[in-house]
Amino acid sequence: MGITEDNSNQRKTVPASVAMLRVLESWGVKHIYGYPGGSFNSTMAALDTEKENIQYIQVRHEQVAALAASADAKLTGHVQVCFGSAGPGATNLLTGLYDAREDHAPVVALIGQVPTTNMNYDYFQEFAENPMFEDVAVYNRTVMTAESLPYVVDKAVREAYKHKGVAVVVIPNNFGYVHIPDTGYSSSSPTDRKPAPLPHATTEEVLEVINLIKSAKRPIIHVGRGIQSGGEKLVELSRRLSIPLVLTGLAKGLIPDEYEANLGYANRAASKAADEAFATADLVIALGSNFPFANLVYRTHEFKFVQIDVDSARFGSHHFLDYGVWSDATIFVEKALELLDNGAVSETEPTAFYRACVAANKNWREYLDKMTNKPSDPLEFEAVYKEINRVAKDDAIFSIDVGDNIINSFRYLNLTPANKWTISALFASMGYGLPGAIAASLSFPERQIFHIAGDGAYSMVMQDLITQKKYGLPVINVITANASLNFIKSEQDDLPIPQHSGIYLEDQDFAMIAQGMGVESITVTSSQELPAAFDRAIEVTQSGRPFLIDAKITDKRGLPVEELEFHVENGKFVETINENYNANGTLHHPQSLEEFFASYDGEELKPMTYYFEQEGVSAV
Ligand SMILES: Cc1ncc(C[n+]2csc(CCOP(=O)(O)OP(=O)(O)O)c2C)c(N)n1
Ligand SMILES: [Mg+2]
């Protein structure tokens, strides 16, 4: 069967698969990630017909297609599309689709199905696909007639946007070839690009929250990505009300790093002062944040809890509420500033708690600075981040894989609101970094793109380095090769087991493998070799080609600030190390905080209790 348009009848017709692609084009879809199979050939043919209007990106594994679509949707805010053929092509998509579901990314997945004439005959690669996608999808249909194919895909786009999730359309292959009337099938309209209305806090609600802040002794704001572009305003509010900020990972880059009371991140991917402030706070205000590790961080002790969120369905999902405000985070902050400006509420002088947090934060940042500038041979991870910061442009985009690079990028990567970065935040799937970089490079061809991945994560998807080569995507790939699944090795440090288990990786020559794919690359083993390697990476990528740096680093653990614990004795906080720290039979449990800090080159680090003592912060 041909895929040409049949205009011989009076009424103009078009193959249903072409009509479907035109629907996607009408929604602004520029490229579509996937891998062919026999059950998807009608769409493959249409992709050739429509190649001037929508670009097919041929990846080498369907997982990469789905992860790239998810990353693309997160970076652009627009619906993105991936596909796989019936059976194994479909199952391979699942990991990336779960990533989209968890991070609320609008993605349409087109799934091949055997022709309807073979369905229900136990035909080769035929299986009931909808049940498999039921859990991951917000919309999940099999197309029942050729005429409805473009209609169902249009509906899928709408549902993916509405529910910020995955819409699955299963397409029996034969339908794609059928000629259907060439009428408009898209419902896309300018109204779809209007921003949704946002809930506003009332003056009374803002006053109530400010009163709670003023009557607290150790209040903090736990700010999430809901703050969007309101970061500067929040800094002003934080200063004027003397309340430090702790960030969720997804708020990275939204609050200026230089702000003295931006304490960084809570939990494991953390900054020391942030965890210490959290563990001693008597009021926590979750502002536009939905923190998946709440069960660890929100359960250590009692505090009052206020939640400010655009989605009131999230109220109480991590902690019971003392007070909830249904509001966009920035709108809340703007209202609070107005009340300060018009004198309805007074400013607060820096409190003892605020001053102690700022001092502890400064001490931590000086430590990070020292570590960054330390020469290393053998190479350590801090030096790699120093180089990335040196060559990265102000609006560079970073795609970061799961593993130690999550912790290390939170701590060491400098970001401004002009940068973009993407991670597999809630699904936390290894193998996300490379597809994310492919997506970033396709959707933002003018910008500099970094892909940072550990050796374990990279080797799950490294076949797709060749996709960067094929499409001329000038990505700077940085592989932090420590011959270990180090993120998990650190977890095993704290288990009462005789030794580590299953976490060492056979080292491999990633630079040579890259060269085998026609991608220029270099291996680096000491900090002295880094500048030349990164300079070359800049040269090569500026000429439009990808580059790979295989950074052979040690498998040292970064300072695990989440091991710091507090209890109260005689009205004062006492700071200790979690008793399970280094419980692994091969390791030594330190006898003091000083010894603990020193074992991470942190002789100058002081516990928060030192600053509490200095400033007169008590536990009552
Ligand atoms: C697909 C998948 N499998 C397993 C895990 C569990 N996991 C999280 S981090 C990690 C180790 C990552 O190792 P690597 O990429 O080498 O980075 P490193 O921590 O060594 O820097 C593992 C196995 C996961 N998150 N995703
Ligand atoms: Mg590793």
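The values are calculated or read from the model by the stated rules, or taken from the named source; none is laboratory data. Model, not experiment: these values are computed from the prediction. Positions of Cβ are backbone-derived with ideal geometry, glycine not excepted, and every protein chain shown enters the neighbour counts.
Does residue 320 satisfy the condition of being closer than 20 Å to residue 426 by Cβ, of a type in the set (Phe, Trp, Tyr), outside any helix (DSSP H, G or I) and modelled with pLDDT under 95? No; evaluated as a whole, the condition is false for this residue. Annotation note: of 487, 410, the sole residue that is assigned to a helix (DSSP H, G or I), surrounded by 20 or more Cβ atoms within 10 Å (Cβ to Cβ) and over 15 Å from the mean Cα position of the chain (by Cα) is 487.
Of all residues in segment 125-151, those satisfying the criterion of being in contact (Cβ under 8 Å) with a residue 12 or more places away in the chain, more than 30 Å from the chain's Cα centre (by Cα) and at negative phi are 126, 127, 142, 143, 145, 146, 147, 149, 150, 151. What are the residues in segment 186-217 that are within 30 Å of residue 162 (Cβ to Cβ), among the hydroxyl-bearing types (Ser, Thr, Tyr) and either modelled with pLDDT of 95 or more or not in a helix (DSSP H, G or I) (or both), if any? Matches in segment 186-217: 186, 187, 188, 189, 202. The C-beta contact set for segment 386-404 (first residue closer than 17 Å to residue 530 by Cβ, second residue within 16 Å of ligand 2 (Cβ to nearest atom) and part of a strand (DSSP E or B), distance under 8 angstrom, 6+ apart or interchain) comprises 388/452; 388/478. Report the residue count in segment 386-407 for those that are out of contact with any strand residue (DSSP E or B) (no Cβ under 7 Å at 6 or more places or on another chain) and either of a type in the set (D, E, K, R) or within 16 Å of ligand 1 (Cβ to nearest atom) (or both). Matching residues across segment 386-407 total 8. Please find, within segment 491-518, the residue that is surrounded by the fewest Cβ atoms within 10 Å (Cβ to Cβ) out of those that are touching a residue at least 60 places away in the same chain (Cβ under 8 Å) and touching a helix residue (DSSP H, G or I) at 6+ places or on another chain (Cβ under 8 Å). In this case the residue turns out to be 494. Within segment 450-463, the residues that satisfy the criterion of being crowded, with 23+ Cβ neighbours inside 10 Å and either of a type in the set (D, E, K, R) or more than 9 Å from ligand 1 (Cβ to nearest atom) (or both) are 450, 451, 452, 455, 461. Restricting segment 413-424 to residues that are part of a strand (DSSP E or B) and under 16 Å from residue 229 (Cβ atoms), the residue that is nearest to ligand 2 (Cβ to nearest atom) is 421.
Return the residues of segment 425-478 that are assigned to a loop (DSSP other than H, G, I, E, B) and within 16 Å of ligand 2 (Cβ to nearest atom); say none if nothing qualifies. Answer for segment 425-478, where residues must be assigned to a loop (DSSP other than H, G, I, E, B) and within 16 Å of ligand 2 (Cβ to nearest atom): 428, 429, 430, 431, 432, 459, 460, 461. When only residues in segment 424-449 that are within 16 Å of ligand 1 (Cβ to nearest atom) and of a type in the set (S, T, N, Q) count, which is nearest to residue 539 (Cα to Cα)? Only one residue fits best here, namely 424. Residues in segment 140-183 that are under 19 Å from residue 86 (Cβ atoms) and in contact with a His (Cβ under 9 Å, 6 or more places away or on another chain): 1 in all.
Among the residues of segment 82-122, those identified as touching a strand residue (DSSP E or B) at 6+ places or on another chain (Cβ under 9 Å), among the hydrophobic types (A, V, I, L, M, F, W, C) and outside any strand (DSSP E or B) are 86, 90, 93, 97, 100, 105, 114, 119. Among all residues of segment 238-247, there is at least one that is more than 20 Å from the chain's Cα centre (by Cα), outside any helix (DSSP H, G or I) and of a type outside the set (A, V, I, L, M, F, W, C). Restricting to segment 259-276, and then to whatever is farther than 15 Å from residue 296 by Cβ, of a type outside the set (Phe, Trp, Tyr) and over 22 Å from the mean Cα position of the chain (by Cα), can you tell me which residue is surrounded by the fewest Cβ atoms within 10 Å (Cβ to Cβ)? Filtering first and then ranking leaves 260. The residue pairs whose first member lies in segment 441-466 and is of a type in the set (S, T, N, Q), whose second member is within 15 Å of ligand 1 (Cβ to nearest atom), and whose beta carbons are closer than 7 Å, counting only pairs six or more residues apart or on different chains, are 463/61. In a residue-by-residue description of segment 303-316, the property of being modelled with pLDDT of 95 or more, outside the structural domain of residue 607 (by TED's automatic domain parsing) and part of a helix (DSSP H, G or I) applies to no position. Which of the residues belonging to segment 598-619 are assigned to a loop (DSSP other than H, G, I, E, B) and aromatic (Phe, Trp, Tyr)? Of everything in segment 598-619, just one residue is assigned to a loop (DSSP other than H, G, I, E, B) and aromatic (Phe, Trp, Tyr), namely 600.
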